[in-house]
Each structure stands twice: as C-alpha cells, then as structure tokens.
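Read the structure below first, then the notes.
The values are calculated or read from the model by the stated rules, or taken from the named source; none is laboratory data. Everything quoted here is computed from the prediction, not taken from an experiment. Every residue, glycine as well, gets a Cβ built from its backbone with ideal geometry; the counts of neighbours run over all protein chains shown.
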Amino acid sequence: MKRILITGGAGFIGSHLCDRLIREGHEVICLDNYFTGSKRNIVHLLDNPFFELVRHDVTHPYFVEVDEIYNLACPASPVHYQYNSIKTIKTSVMGAINMLGLAKRIKAKILQASTSEVYGDPLVHPQPEAYWGNVNPIGIRSCYDEGKRCAESLFFNYHRQNQVNIRVIRIFNTYGPRMHPNDGRVVSNFIVQALQNKPITIFGDGTQTRSFQYVDDLLEGMIRMMDAPNDFIGPVNLGNPHEFSMLELAREVLDLTGSKSKIEHLPLPQDDPTQRQPDISLAQERLNNWQPRVQLREGLTKTIEYFDHLLKENQK
Ligand code: NAD
Ligand code: UDP
C-alpha cells in the first residue's frame, strides 16, 4: 500500500485516478482548488478512511508525506485555461516548482501530466516524442502550451540537478464520464448539444483532426508509467492513434444519440492545431505493450450515457 497525492484530483481525469488507486488498495490524498473540478466527482469516496480531500491551490507550497505524486492540477479546456491565462501559467509553473520541491524534500516519485499541446500546431505527423513542436509563444493558447513546456523543463532540471525521480507523460485528447458539461472541449460540447437537440458547433470547416482516447486507457498507461523502471522517465505519449476530423466526430455523435441537431459552423479560434495524432511506439515498447483498447464508438456510448443521466438529473 502506497500513500499517493493527486493534485487536480477532483477533476475529470484526477477523479478517475482517485477511484482506481483506492480500488488498488492505496491511500489517496486528493488536492484541488475546484477551479474546473468538483466535489461531485469524488463525493462517493468521502466515507472511505483511505481517502482524504484537501482544498488547496498548487501555486502555494503544500507539505505532506507521500510515496508518489501525480501532478494533474491545471485547467485543460481552452475555454477555461484562457479565462485567466496568467493564473494558468502560474498553476503550471509554480505548481510544478512547489510539487517538485515537495518531491525532492520527501524523496517521492512524481509524475507530470503534460500534453500533446507541447507539439503546438505540429509540422511532423504523427508526433513522436523526439519532435520539439511548433508553438506560438505569444498566442492565446501559449499560457497553457508554454506553461506545460516550462513544467517539463522544470521536471527534467530537478531530475538532473537534484536527482528527483520523475515521470513525464504527454496526454492526447482524452474524454469520458465526469467531463464538465460546460467544459468547452469538443467531445462534451457535441454530446451535450446533441442530447439537447441544439446546434452542433463546429469551429472552422471541421477538417481539423484530433485523436481521442478514452479515460480508462489513459489511466492504465499513466499507472504503468509511474511503475516503470527508474531508467524510463519519459516523456512518453499516451493517446489513441485513431485520428478523426471534427466533422466525423460530429457525425458519430449524431448517429449514436439519434439527435435532430443541425451542424452550425463557427469561426476557428486562433492557433487551433490543424492535426494531431500520437506516435505511441515508445509507450508500446517501454510500458509492457500498452495500447488503447476502447475505440471511439464504445467510449462515446459510455460518455453519452453519463451525460444523458446527468442532464436528466439536472432537470429534476
Ligand atoms: P480538469 O479541468 O477536469 O481537471 C483539472 C483539475 O485541476 C480540476 O479539478 C481543477 O479544479 C484543478 N486545478 C486547476 N488549477 C488548480 C490549482 N491552481 N490548484 C489546485 N487545483 C487546480 O481537466 P482534466 O482533463 O482532468 O486534466 C487533468 C490534467 O491532465 C491537466 O493537467 C491537463 O493539462 C492534463 N491533460 C488533459 C488532457 C485531456 O484531454 N483531458 C490532455 C492533455 C493533458
Ligand atoms: N471544437 C469544435 N467545436 C466545439 C469545441 C471545439 O469544433 O464546440 C474544435 C476545436 O476548434 C478543435 C477541436 O475541436 O479544433 C478540439 O478542441 P478541444 O477544445 O476539445 O481540444 P484541443 O483544441 O485542445 O485539442
């Protein structure tokens, strides 16, 4: 049994990670400031004596004795990370410094939830870890992209300079139950719109692509990475290589929900990447043949069920 700190633990991915680690018999401390997360995501764990909830902001130091830290605290949806862009940079950078300082002091292993956004609008396709990316350093996405890039740099510098035992994963677009209904990301937007028979908002012409990973597949890769031998610290891509255009995604959602929604085209936001697909050969090689198991239709079906239930509950 390990004692594990999860920052951002009340968010979409973090709450699933809390569930999984508790199920595996560990003691979990979930730290969150509830900016985009919610107590609702972890309320079912509150009676468990091996689960602790802490309201805290990672931009301030925090001290606790743990064996492992998963650093997930950071808004992930463009709408939310651009809402207070300076705070987003502080969360990524100061959050990394505070958590790395803690890991150094207590000799804990620490994993950083980095992102495919470090590749920006990629000129190499699909993206291997060795690609350095194509990021606009002053654009509206830079608070997130450069914040995460700086966090990666901090992780590797704490490793080189202070021998901190680090792991860095680059997560590609991940979806599933417990995304916030007003999260603003494409999968939750399309599903909520379809279930309400409201227009499906496609930004631009919808030919831009993403590769969507179901949350359970990510968790498996994330935990395998934390448990990987100390000579494999990453960065490693974790994503589903099946690539879809936003038009294709909209059609799948319409088909699976049987919705009457029409498609509406809205302006494409600045610096919106045109394509994204992970090269996962490194993860397959180093993480015991890890690969995503849940394909889009199956994952969407589970996510649609979740939102359908949530929207009906909210109507009561
Ligand atoms: P999310 O917004 O649901 O979760 C982020 C959590 O961090 C929320 O609970 C939020 O309240 C918390 N948080 C934000 N700022 C904080 C602060 N200053 N102090 C403490 N807590 C804070 O998003 P998610 O999809 O669950 O993402 C989790 C992590 O994974 C993020 O670091 C994100 O960058 C990374 N990631 C996610 C994706 C994806 O597709 N979901 C892709 C790449 C990377
Ligand atoms: N998108 C869209 N309609 C929406 C929300 C997003 O067409 O209602 C597009 C967005 O422009 C982008 C893609 O979907 O090209 C993925 O957007 P998301 O915000 O989910 O993630 P990211 O851009 O960070 O990959």
Q. Any chance the range 202-212 includes a residue that's part of a strand (DSSP E or B), of a type outside the set (S, T, N, Q) and more than 10 Å from ligand 1 (Cβ to nearest atom)?
A. yes
Q) Among the residues of the range 110-152 satisfying the criterion of being of a type in the set (Phe, Trp, Tyr) and part of a helix (DSSP H, G or I), which is farthest from ligand 2 (Cβ to nearest atom)? A) Tyr119
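Starting from residues that are in contact with a strand residue (DSSP E or B) (Cβ under 6 Å, 6 or more places away or on another chain) and of a type in the set (A, V, I, L, M, F, W, C), keep the ones in the range 207-221 and report whichever is nearest to Trp290 (Cα to Cα).
So the first thing to find is which residues in the range 207-221 are in contact with a strand residue (DSSP E or B) (Cβ under 6 Å, 6 or more places away or on another chain), and the list is 207, 209, 211-213, 215, 218, 221.
Remaining after also requiring of a type in the set (A, V, I, L, M, F, W, C): 212, 215, 218.
Details: Phe212: 16, Val215: 14, Leu218: 10 Å.
Going through the qualifying residues, I end up with Leu218.
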Q. Does Pro269 fit the bill of being out of contact with any helix residue (DSSP H, G or I) (no Cβ under 6 Å at 6 or more places or on another chain) and at pLDDT 95 or above?
A. yes
**Q.** Flag for Met1 being out of contact with any Cys (no Cβ under 8 Å at 6 or more places or on another chain) and over 20 Å from Cys143 (Cα atoms)
**A.** yes
**Q.** Given (1) under 28 Å from Gly14 (Cα atoms); (2) surrounded by fewer than 17 Cβ atoms within 10 Å (Cβ to Cβ), index of the condition Ile233 fails
**A.** (2)
Q: Residues being outside any loop (DSSP other than H, G, I, E, B) and surrounded by 18 or more Cβ atoms within 10 Å (Cβ to Cβ): count how many of those fall in the range 253-279.
A: 4
Q: Select from the range 146-168 the residues that are of a type in the set (Val, Ile, Thr) and within 18 Å of Leu238 (Cα to Cα) and write down the one among them that is surrounded by the most Cβ atoms within 10 Å (Cβ to Cβ).
A: Ile166
**Q.** In the range 243-272, the residues that are among the acidic types (Asp, Glu) and more than 10 Å from ligand 2 (Cβ to nearest atom)
**A.** Glu243, Glu248, Glu252, Asp255
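Would you confirm, using the coordinates I've provided, whether Val253 is closer than 18 Å to Gly184 by Cα and in contact (Cβ under 8 Å) with a residue 60 or more places away in the chain? Spell out the reasoning first.
Values: closer than 18 Å to Gly184 by Cα: yes; in contact (Cβ under 8 Å) with a residue 60 or more places away in the chain: yes.
Yes.
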**Q.** Hits in the range 68-104 - residues which are out of contact with any strand residue (DSSP E or B) (no Cβ under 8 Å at 6 or more places or on another chain) and among the aliphatic types (A, V, I, L, M)
**A.** Val79, Ile86, Ile89, Val93, Met94, Ile97
Q) Which residues, counting only those in the range 280-301, are under 19 Å from the mean Cα position of the chain (by Cα), closer than 16 Å to Leu219 by Cα and in a helix (DSSP H, G or I)? A) Ala283, Gly299
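Hey, among Pro78, Pro126, Pro137, which residue is touching a Lys or Arg at 6+ places or on another chain (Cβ under 7 Å), more than 21 Å from Leu219 (Cβ to Cβ) and more than 10 Å from ligand 1 (Cβ to nearest atom)?
Pro78
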